[in-house]
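What follows is a short report on a single structure.
The values are calculated or read from the model by the stated rules, or taken from the named source; none is laboratory data. Since the structure is predicted, the reported quantities are computational estimates derived from the model, not experimental observations. When we count neighbours, we look across all protein chains shown, and the Cβ atoms used for this are built from the backbone with ideal geometry, even at glycine. Ligands, DNA and RNA are stripped out before the accessible areas are found, and what is left, the full protein with its side chains, is counted by its heavy atoms. Shrake-Rupley method; radii C 1.70, N 1.55, O 1.52, S 1.80 Å.
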Amino acid sequence: MNSIYVRRKSDEPSTVKIIIISLVIFTIIVFLGVFSLMLLSGYELKDLINIFFDYRNLLSPITIRYSIVIALLSLAFLINVAGGFINLGGEGLIALSMLAFLIASVYNLGIFTAFVLSILLLILWASIPYISKVYLESSDVLISFLQNFIALFIINHIVTHVFRGELARPRSPPIDPSINLHYISQDNILYNYLGRVSIESIIVLLVAVVFLTYLLSRTKIGYSLRLLSYSTKTASISGVNIPRTIFLNLLMSAILISFASAELLLGGERKIFYNENAKIGIGSMSFGLGYVSLSIAILSIRKPYISLLYSYILALGYMMVFSSYGFYRLILGVAIVGLSLLSVLLSELLLRYEVRLNWRLKH
Amino acid sequence: MAFETLILQILSMGSILIFGILGEILSERSGVVNLGIEGSIALGAASAYAATIYFDNCLIGLFLGTLSGVLPAFLLILLSVYLPLNMIVVGITSSSIFSAVSIVIGNLVPRLPQKRLILSSEEFTIYLIFMISLMSSALLYIVMRQRIGLIIRSVGEDPYTAYSMGINIWRIRTLSTITSGFLGGLVGSLMILMPMVSVIWREGLTSGWGYILVAITPASLWNPLIGALLGIFMGMISFLSIAIQTSGLIPLSTDLASLLPYLLAVFLYVLIRGLFLRKLIAAPRALAKEFVLEERYE
Amino acid sequence: MEIKLDQIIKFFGSLKALDNASIYIRSGEIVGLLGENGAGKTTLMNILYGLYRPDKGAIFVDGVKKHYMDPLHSMKIGIYFIQQFPRLIDSMTGTENLRLLLREDKRNIPDLVKEYSAKYDLQVNFNKRVAEMTILERQKLYTLMSVILGARVLLLDEPNMLLTTDKSFREFLRRYAREGNSILISSHKISAVIDLVDRIYVMRKGRVVADIRENIRERYDEILKLMFEYGVGRDKEYPETLHSEYATPGSRENIFEKRILELKDLVIREDIKKINASVNNREIVSIISIAGKGDKELFDVLVGFKKGIRGKILYKSVDISSEPPYRRVAHGIFFVPDNKLDLISPRYKIREIMGLWGIRNSEISKCLSETSVMYRSPEANVSELSGGNISRMILAIVACNRPNLVIAHNIFSGLDLLGYEIATRLIKRLRMHGVSFLLILNDYEEALRISDRIYVLNERGAVEINLNEAYKDPSVIWREMVS
C-alpha cells in the first residue's frame, strides 16, 4: 500500500550525530533558503556574497549579543518543551515582558519590581495554552500561536493610545534610566567583542545551562516535569502534583524570557516600537526570535548546552537579515520562521526515524 | 451604511470563509489539521492578483490562484501524512514559507487595481458565489453520509483500525488535504477578486485568516451545514470591527479591532475543547495524530 | 486455500519474538496454536494477516511466495483476523463498520445479516455502537462480518471466553470448516480448544516446538508440558491446597479489621447499580468482571480520572471521591493500570523511572531483583524491556515502596508463567508486611488463586462470592459474571 516505510528508531542518537546532522541541515536550509529568497527578490549575487561571507560578522558585538538573547529564549522554551508545552507564543511573551518594563518605568517602580511584574504577566499569559493542553487536550501550539497576534495588537494599541512617546510616530516613551542592568563599560576591552551586554544576562545564561542539564536528567522534579510531556494520565497516576509542576515550569521559563527581553530592550533603543508586522505574528522588537528559539529548543532537548551553539548560528543569520532593507526584511523574517522550523523537522526526521523506500519489495 | 450594502458585504466575506471552513472540515474529518491553509490563502491571493494583472483577466486569476493553494498542502502531506512529523508545526512551517513566497509573487507585477470578478453586476456575483458556497456545504454534507464519508471518518477516528480493514489511510488523507488546499487557494483568490471585499493586494493582506479558520473549525462540530452558518457569522465579525470604528459608537482602535477575530477564535476553540471533554460533542478521535505503522508500543 | 508460514524470524528491537517459526494450514482444517503469554502466537498471526512484517522468512499462499502480507490483500483473498480486542471503529455501529468493508453498495446490510445469522445460528446486534459492546460481542460481530464478506480463512486470537461459554459459536466453527474453510485459533487455555481442533501447534519462546495430529484429546498433559517449561500450568485444575497454604482462616489474626477502602453506593456507569464493597487492612480483595462490563470505569473512578456518577470512595474513612489522582497517590495508594505503559513511560530510562518513585541509584539493582527483572543497565531505556519485564518492574516498585493500598487493574497481564508465580508470592508476602490489595480482574482463576474475598461486578453492582462454594465449583463465579 504505502511505498514509504517509516519506523521510529529505538535508540537515542549520539551527541555527535545530533550536532552534525542538525547543524548541517540547519545551516543548509536556513542559509540556502534565505539566500534564494533574496536572490528572487532582486538582490545582486555579488552583494549577497559580500553580506553572507563577511568574516567580521563572526564576532561582532551584535552577533554575540543576539546569541545571548537567543540562547536565553531557547533555554526558556526548552523547559516548556520538556514539559510537553510546545510554546509558539514567544513573540507575544517577549512583547508583554517589554510592556512590563515600560509600566515599571512609567510608574517608577524600579528594576526589581519590573522583573517581578514581567514574570507574573508571562506566567499568566503562557498558562492559558499550557493548562488548556493538560486539562482540555487542546492544541498548545495553536493557542499559543494565536495569542501572539493578540499580544502584539495590544502592545500596538498601548504605544499608540496609552503610553505614546512621540506624536509623530507610534512608539513608547524611552525607558527610564533607573531601569537598568549592569552593562560592560565602553572602556573595557571586552566591549569590542561583546557589545552592550549585561553581566546579569551572562551569569543567568551560564547558570541556566548548568542548572537545566542537571535538573532535567537527574532530579525527581525534572522527571516529574518531563512526565507531563508524555501523558497527563501517566503523570497523575505517578503522583505528580500537576498544578505545581506547571507553575514551576512557567516560572523558570518566565524568568529566562524576562532577562532576554530586558537585554533586547534595555541594551538597545530603550523604546518599544509599533509592531508593523503584527498581522503576520512577528513583533518588531523580537523579529521572529520567538519562533527561532523554539526551534532551537526542540533540537537541544536532550542536551541543553547544544542550544548555545545553535543560538550562535542563528545570530549570524540575523546579522544577514539586518543587513538587508525594506520589504525584503519582511520576507526574510517570515522565511526564517518557516525555514528554522523546517530544519528542525528534517533533523528530527533523520535522527529519530528510520525511513525506507520500498519499491523493490513489491508483492 | 445602507443596510443592503451591509448584507452584501457580509454575504461576500461569508461565502469566502465558508469555502475555507469546508476545506478544513474535510481534512480534519480525515484526521489532518491543515494549518498550511494560511499559506494557501496567502499564495492564492498573491497568485490571483499577479495573474489577473498579468493576463488582464480575472477568471485566469481565479483559476491560477485556486490552483496555487495546493502547494502548501503538498508539503504538509509529504511531511505529516507520509512521514510522521508533527502536523501542526509542519503546517505553520509550510504557511510561513509560502507566505514569504507569496510576497515575492505579489511583487512580480506592478501595484495596480486589479479587475474584479463581476458577472453582469456586483450584486449578482455576490449572490451567485454565496449560493455556490451553500451548495458546496450541502454537497459535502451529503457526501459525508455516503460510504466514502464513512471511510473518511474512519480514518479520522481510528486510522489503525481503518488500516487493518484495508483502507488506504495515506490516500484518503492526501485527497482530503489537497482539496482543503484548493479551497484555501480559492479563499485567497476570492479575497482579491470578490466585489465588496477585494482591495489592491499588499503584503500581509490575508494574514491570520488561515489560522483563525483552523481555530474556529471545531465550533462547526465538523458538520458542513453548521460550518456554513459559522462562515456567515465570521463574515459578520469581520465587518463588525470596521463598522464599529466608522460609526464611532465604541472607541475601538484599529489594533483592538484587529485582535477581535483572534480573541474570538481562541475563546471558541478552548470552549469547544472544554465541551468536547465533557463528552457533549465529539471530535474525530485521531485528529492531529500522525499515523505511523508502529508495531510495538511507541 | 493452503497457507504456509516458513521460518519466520521477527525482532522487536533486540528481543527475538519469533525464532524460525513455521506452520501451515489447509482447507477444511481447524488448527490450534497453543502457548503461554509472550510465546509469539499473536505476533505470528499478525504477520500472517499483514499487520507486522517479518524480518526473515516467507509466507506462501497456495504455493505463491510473498515476503510480507498486507491487510488489504489478506482480506481480498479471504483471510480475516478476529483479534483479541477486535479492531472496529468504536464510535460507529456494527452496520457502519460492515459498510466500510463492503465494496459493492448494492447489497442491503440488514438482509445480509439476517441471512447469515440464520444460516450459522450466530446472533449479534448490528445496530449497537461498538463502544457499547463487550469484548465477546465484538468478537462475534467481527466473525459474522468476516463470514458475510466471504472469509475463507479465519484467524481467532484468544477467543477463550467465547469458546468456553458459547456452544453455537463452536458449532459454527465446526460447520464453517466442514464447508472447506480454514480456521486458526490461538490460545493459552488448552481446555478451550482441545475438543475443537484437528491439529495443534505448540509454541514456546518464539519457536514452534510441536505439531500434534493424533489423539489430541488424550494428550492433554503432554501438551501442557510442552507449553510450560516448568511443568505446572495456569491451565491446571484449581487445587484447594495451593490457596490454603497462604491464607487460612486461622491466619486471619494477621488481618486487622480496620477498613482501608470502602466503596459506598458508588455508581460508575448508568447501567450498573450502586457498588458497595470494602477492603480491610492487609486483605487481598478481587473484583471480577467480564472485560468491558465496568472494570475499566471502576478503575478510572478509583484513580480519579473520572468522577463517579453518585456515591463515595472512602480511604481510611476519609472521603477521597473528589480528589485528583496525585492526592490519592500521596495518601499512600499505588495504582496499576491495565495498560502498563500508562504508568511506566517507555521514553524514560530505568534509572529515571525508579528515581521518580524515590528509589535511589544505589538501591535500583536490589529493588529490581525482587521480581527478577531482566535489564541491561539502569541507563537503558524502558522501551528495551519486554512487556513481561515492565510488569515485573512495576511489581518491584510496589515491593520497594510499600504503599498502604495497591489498586490494580489486571495486575497479572503480560506476565509469563514464572513471572506470574513471582507476582503471586510477592503479593502474599507484601500482605504480611502491611500492604492491602484491591485487584480488578477479568480472569476468575487468577482471583481464586490469590484472594481473601471476591466480588463479582455485573449489572447488579458488586456481589460477594462465597469462596468455599467457588473452590469446589468455579463456574459459580462465571455464572454470576454473565448473569
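Numerical summary
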| quantity | calculated |
| --- | --- |
| Quarter of Cα convex hull surface for region B:3-280, i.e. mean projection, nm² | 15.1 |
| Measure of compaction for region B:1-95 (Cα Rg per 2.2 N^0.38 Å) | 1.27 |
| Net lengthening on full extension, C:K66/C:E323 (0.36 nm per residue, minus Cα-Cα) | 87.0 nm |
| Area hidden from solvent between A and B (accessible, protein heavy atoms only, 1.4 Å, total, Å²) | 4500 |
| Surface per residue (accessible, 1.4 Å probe) for region C:3-227, Å² | 40 |
| With every protein chain in place, the protein assembly as shown: carbon and sulfur % of accessible area (1.4 Å) | 59 |
| Residue-averaged 222 nm ellipticity for the protein assembly as shown, from DSSP H runs of 4+ at -39500 (n - 2.57), nearest 500 | -17000 deg cm²/dmol |
| Kirkwood Rh, angstrom, the protein assembly as shown [1 / mean 1/r, Cα pairs] | 32.5 |
| Whole-Hz couplings from phi, Karplus 6.51/-1.76/1.60, listed for region C:385-394; x for Gly and Pro | 6, 6, x, x, 5, 5, 4, 5, 4, 4 |
| All lysines inside 28 Å of C:K366 as judged from Cα atoms, apart from same-chain residues fewer than 8 positions distant | A:K220, C:K16, C:K205, C:K340, C:K349, C:K428 |
| Å² of accessible area per residue within chain B, as computed with a 1.4 Å probe and no ligands counted | 36 |
| Inter-chain shielding of A:143-153 (mean C-beta neighbours from other protein chains, 10 Å cut-off) | 6 |
| Per-pair calculated FRET efficiency, R0 = 25 Å: C:R259 and C:D473 via Cβ, rounded to 0.05 | 0.25 |
| 3J(HN,Hα) from dihedral phi, region A:299-316, Karplus parametrisation 6.51/-1.76/1.60, rounded to Hz, x for glycine, proline | 6, 9, 4, 7, 10, x, 5, 5, 4, 4, 5, 5, 4, 4, 4, 5, 4, 4 |
| Efficiency of FRET between C:E459 and C:K167 - r from beta-carbon atoms, R0 22 angstrom, step 0.05 | 0.40 |
| Most mobile of A:A71, A:A335, A:A100 in a GNM of chain A (Cα contacts under 10 Å) | A:A335 |
| Region B:165-201 residues near the modelled B:E122 label - backbone nitrogen below 20 Å, point 7 Å along Cα→Cβ | B:189-201 |
| Links that overshoot a 22 Å alpha carbon limit, given the list C:K41/C:K293; A:K9/A:K133; C:K189/C:K472; C:K140/C:K307; C:K273/C:K312 | C:K41/C:K293; A:K9/A:K133; C:K140/C:K307 |
| Estimated dipole of chain C in Debye, rounded to 20 [Cβ of Lys and Arg +1, of Asp and Glu -1, Cα centre] | 880 |
| DSSP-defined beta bridges in region C:3-227 - what % are antiparallel, rounded to 5 | 55 |
| Pair-distance profile P(r), taking every C-alpha pair of chain C, with 10 angstrom steps and integer % | 4, 18, 27, 27, 17, 6, 1, 0 |
| Inter-part distance where region A:120-187 and region C:260-323 are each reduced to a Cα centre, Å | 48 |
| Largest-first principal axis extents, alpha carbons of region C:41-161, Å | 43, 31, 26 |
| The protein assembly as shown - Cys residues lacking any other Cys C-beta under 4.7 Å | B:C58 |
| Length released on extending from C:R213 to C:L149, taking residue separation times 0.36 nm less the Cα-Cα span | 20.0 nm |
| Mean-position separation - Cα centroids, region A:230-267 and region C:58-88, in angstrom | 49 |
| In range of the label at A:L40: residues from region B:56-100 whose backbone nitrogen is under 11 Å from the point 7 Å along Cα→Cβ | B:97-100 |
| Chains C and B, summed buried accessible surface - 1.4 Å probe, Å², nearest 100 | 2500 |
| Most to least accessible of C:T42, B:T177 (protein chains only, probe 1.4 Å) | C:T42, B:T177 |
| Positive minus negative residues near B:S12 (Lys, Arg vs Asp, Glu; Cβ under 15 Å) | -2 |
| Inter-label distance for C:E222 and B:A2, nm, one decimal - labels placed 7 Å from Cα along Cα-to-Cβ | 9.9 |
| Solvent-accessible area per residue, Å², over chain A with all protein chains present [probe radius 1.4 Å] | 40 |
| Kirkwood Rh and Cα Rg combined as Rg over Rh, evaluated for chain A | 0.98 |
| Interface burial for A against C (accessible surface, 1.4 Å probe, total of both chains, Å², rounded to 100) | 2700 |
| Calculated FRET efficiency for the pair C:K273/C:N339, C-beta based, R₀ 25 Å, to 0.05 | 0.35 |
| Derived scalar couplings ³J(HN,Hα) [region B:258-266; Karplus, 6.51 cos²θ - 1.76 cosθ + 1.60; whole Hz; x for Gly, Pro] | 5, 7, 3, x, 5, 4, 4, 4, 4 |
| Charge sum, other residues only, whose C-beta stays under 12 Å from B:L35's C-beta, Lys/Arg counted +1 and Asp/Glu -1 | -3 |
| Cut-off 13 Å between beta-carbons: net charge of the residues surrounding C:H331, Lys and Arg +1, Asp and Glu -1 | +1 |
